[in-house]
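Right, one structure below, let's go through it.
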Amino acid sequence: MTRHRIFLLLLLVPLLTAQSPLSNDADALFAFKTAADAHNKLNYTLRDSVNYCQWRGVKCAQGRVVRLVLNSFKLGGTFPPNTLSNLNQLRVLSLPNNSLTGPIPQLAQLVNLKTLFLHHNSFSGNFPVSLVSLHRLIFLDLSHNNLSGSLPVNLTLLDRLYSLRLNWNRFNGSIPPLNQSLLDVFDVSGNNLTGAIPVTPTLSRFSRSSFLFNPNLCGKILNKICRSTSSPFFDSGGEGGDNASPPSPFLQNEQGVILSPPSSKKHNKTGVILGFVIGVLILIAAILSALAYFKNQRRQQVECKSTSFEEVENENVNADSSGRTNAVQVIGSELQVVQKKVGVARREKSGNLIFCDGETPFCSLEQLMRASAELLGRGSIGTTYKAVMDNQLTVTVKRLDAGKTAVTSGEVFERHLEAVGGLRHPNLVPVRAYFQAKQERLIIYDYQPNGSLNNLIHGSRSSRAKPLHWTSCLKIAEDVALGLAYIHQASRLVHGNLKSSNILLGSDFEACLTDYCLSVLAISAPSEDLNSDSCKAPEIRKSSRQATTSSDVYSFGILLLELLTGKPPSQHPYLMPADMANWVRAMREDDGGEDKLLQMLVEVASICSLTSPEQRPTMRQVVKTIQEIKENALIEDTGTEGYIEYI
């Protein structure tokens, strides 16, 4: 009998151990919920642990958890160690848009992980170094947290990385020399990174926008010279070279009295005298340079040299003879009128360019007036030019039309431009400077090289051509939503004139809003442009009411429909939300392969363009929804069924 019991036990042991990973997965999920779900949003209970594969956000394969997707679940708490890290068959872990705090735990056990989304939380602490051991990782997003410390050099070991987003944290130190051939999405903007950006073939592919808002970054990619941090004077030249230990500033005798080392005085005396002499010479040179500068400035103000855009006509006469006209037509006579008005104003008032807060002056008014200029377009409140100065610096200049703008005092205009000029976001074309004198007002922006979204959608496309691919629509929609949400949250301002012609494409084809927050300066008048009028919300279309954040949301909905259908706003039929999806599909002639994600985008457009302002969402809510759609698309591509395998 004893033998039979032993035999039965031997048979049962493998069965019991085979079940242990299953129960461990349920335990891991429940342990995570206990610490991270302060508001009890998850239905995980130990009593129902047998059915853990049906828990919210959980997906299993062969009884093991392979995906955990808890986007925007209002989770509040911490991400405790030894919980989700025990899900060693996990492929996708997605916890964005929650309120998780504390450090990111050690996750080295997740050897099968391909996608890790932890962005838009409140995680703190250092970069989780255990992640560099996850060699199957393809998508990594830790952006919009409070992470700090340096980035590990061995990030270069993640050779399957396709997307790496670390932006808007507090990382410091240098950027590792990333050179993964598959890396296609990269963003470290909004940190405290320092030093030169490594010039690797991979990092050189990314534009400035991937590195912005790191004041101490420099290098070729940013077109910013790296300055040496070593002091040219008092350099220790003792024996031992670079490996020699620095001399101790103090010595202690047997009685415990702190003494300065006498030998250092003798050896450094000559250096101190030499440094003092050189310092005096530098000070004298600086004083002389300052005197010369102020003398030159005073001479320029007295002379008020009348130089302007008049060179434009001459430059265009000498343009290339290939028969191809300039990108835009130049109206030299109009620009001369601008110069004459500015010249008169300068004689009556100082008339200097006013640079926005934090901006380093990059040109004078004289240099701007001498620039070669091309007409880019005429808008509802003024005319826009591309100006190329003698040093090849290119800017966009918007000249406000006195007949189209409300009469405001110089003080009111200056206060408003100070507020607008303080807005900085990767999806806004920054206002760098402005000018006003008499009735002449100019606004100077960065120049965006790839034209407008309106041209991308309509400019070179035949009437029978298909609209943009839905992934392009999704990317552009996210860029625009982020910029618009920033305006609404960072200030009490609104865009007021959102349309495809006021969205420009940056050097990396990112969508950037322009002409924002200027509608308050416009005179209320019926628009002659049917498309512009169709972009406006019904409550402000035929009234003198000012634009609001809610009317911006309406304009965004119309813009999203324009993206999805390729049809200008004036050709959008009035449809109920239930019928809008069918119209969009008909315009796109889709084969159904993107139907689910397309439906989600159409729903966003529908709810944004509701007639009642009270029923529209906020732009913050719109951003979250669009990012969820994007994450669902990525997760579907990297899930266990039909995921893309990067080798």
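Being touching a helix residue (DSSP H, G or I) at 6+ places or on another chain (Cβ under 6 Å) and assigned by TED's automatic domain parsing to the domain that holds residue 128 narrows it down to one residue among 84, 70, 93; which is it?
Step by step, each of 84, 70, 93 is checked, and only 84 is touching a helix residue (DSSP H, G or I) at 6+ places or on another chain (Cβ under 6 Å) and assigned by TED's automatic domain parsing to the domain that holds residue 128.
Whether any residue in the range 558-573 is at pLDDT below 85, in the same structural domain as residue 622 (by TED's automatic domain parsing) and of a type outside the set (S, T, N, Q) is what I want to check.
Yes, the range 558-573 contains a residue that is at pLDDT below 85, in the same structural domain as residue 622 (by TED's automatic domain parsing) and of a type outside the set (S, T, N, Q).
Can you name every residue in the range 95-112 that is part of a strand (DSSP E or B) and hydrophobic (A, V, I, L, M, F, W, C)? Before the answer, list the steps.
Start the filter on the range 95-112 by keeping residues that are part of a strand (DSSP E or B), which leaves 99-102.
Selection gives 100 alone.
If I filter the range 582-619 down to residues being among the charged types (D, E, K, R) and outside any helix (DSSP H, G or I), which single residue comes out as modelled with the lowest pLDDT?
591
Scan 484, 456 and give me the residue that is part of a helix (DSSP H, G or I), at pLDDT below 90 and touching a strand residue (DSSP E or B) at 6+ places or on another chain (Cβ under 9 Å). Can you show your working first?
Details: 484 fails: at pLDDT below 90.
When all the criteria are applied, what remains is 456.
I need a count of the residues in the range 72-98 that are in contact with a Ser or Thr (Cβ under 6 Å, 6 or more places away or on another chain) and at pLDDT below 90.
1
Among the residues of the range 498-514, write down those that are assigned to a loop (DSSP other than H, G, I, E, B) and at pLDDT 90 or above.
Correct list: 498, 499, 514.
Output the residues belonging to the range 32-67 that are under 17 Å from residue 94 (Cβ atoms) and in contact with a helix residue (DSSP H, G or I) (Cβ under 8 Å, 6 or more places away or on another chain).
Once the filter is applied, which keeps residues that are under 17 Å from residue 94 (Cβ atoms) and in contact with a helix residue (DSSP H, G or I) (Cβ under 8 Å, 6 or more places away or on another chain), the range 32-67 yields 32, 42, 44, 55, 58, 59, 60, 65, 67.
Among the residues of the range 133-142, are any assigned by TED's automatic domain parsing to the domain that holds residue 42, under 26 Å from residue 216 (Cα atoms) and not in a strand (DSSP E or B)?
Yes, there is a match, as at least one residue in the range 133-142 is assigned by TED's automatic domain parsing to the domain that holds residue 42, under 26 Å from residue 216 (Cα atoms) and not in a strand (DSSP E or B).
Just to be sure before I move on: is residue 492 assigned to a loop (DSSP other than H, G, I, E, B) and more than 26 Å from residue 531 (Cβ to Cβ) in the structure I sent? Explain how you work it out, then say what you get.
Working: assigned to a loop (DSSP other than H, G, I, E, B): yes; more than 26 Å from residue 531 (Cβ to Cβ): yes.
Taking the combined requirement at face value, the residue satisfies it.
Scan the range 422-450 for residues that are in a strand (DSSP E or B) and among the β-branched types (Val, Ile, Thr) and jot them down.
431, 443, 444
For residue 415, state whether it is more than 24 Å from residue 487 (Cβ to Cβ) and out of contact with any strand residue (DSSP E or B) (no Cβ under 6 Å at 6 or more places or on another chain).
No.
The values are calculated or read from the model by the stated rules, or taken from the named source; none is laboratory data. Computed from a predicted structure; not experimentally measured. All Cβ positions, glycine included, derive from the backbone under ideal geometry; neighbour counts span all protein chains shown.
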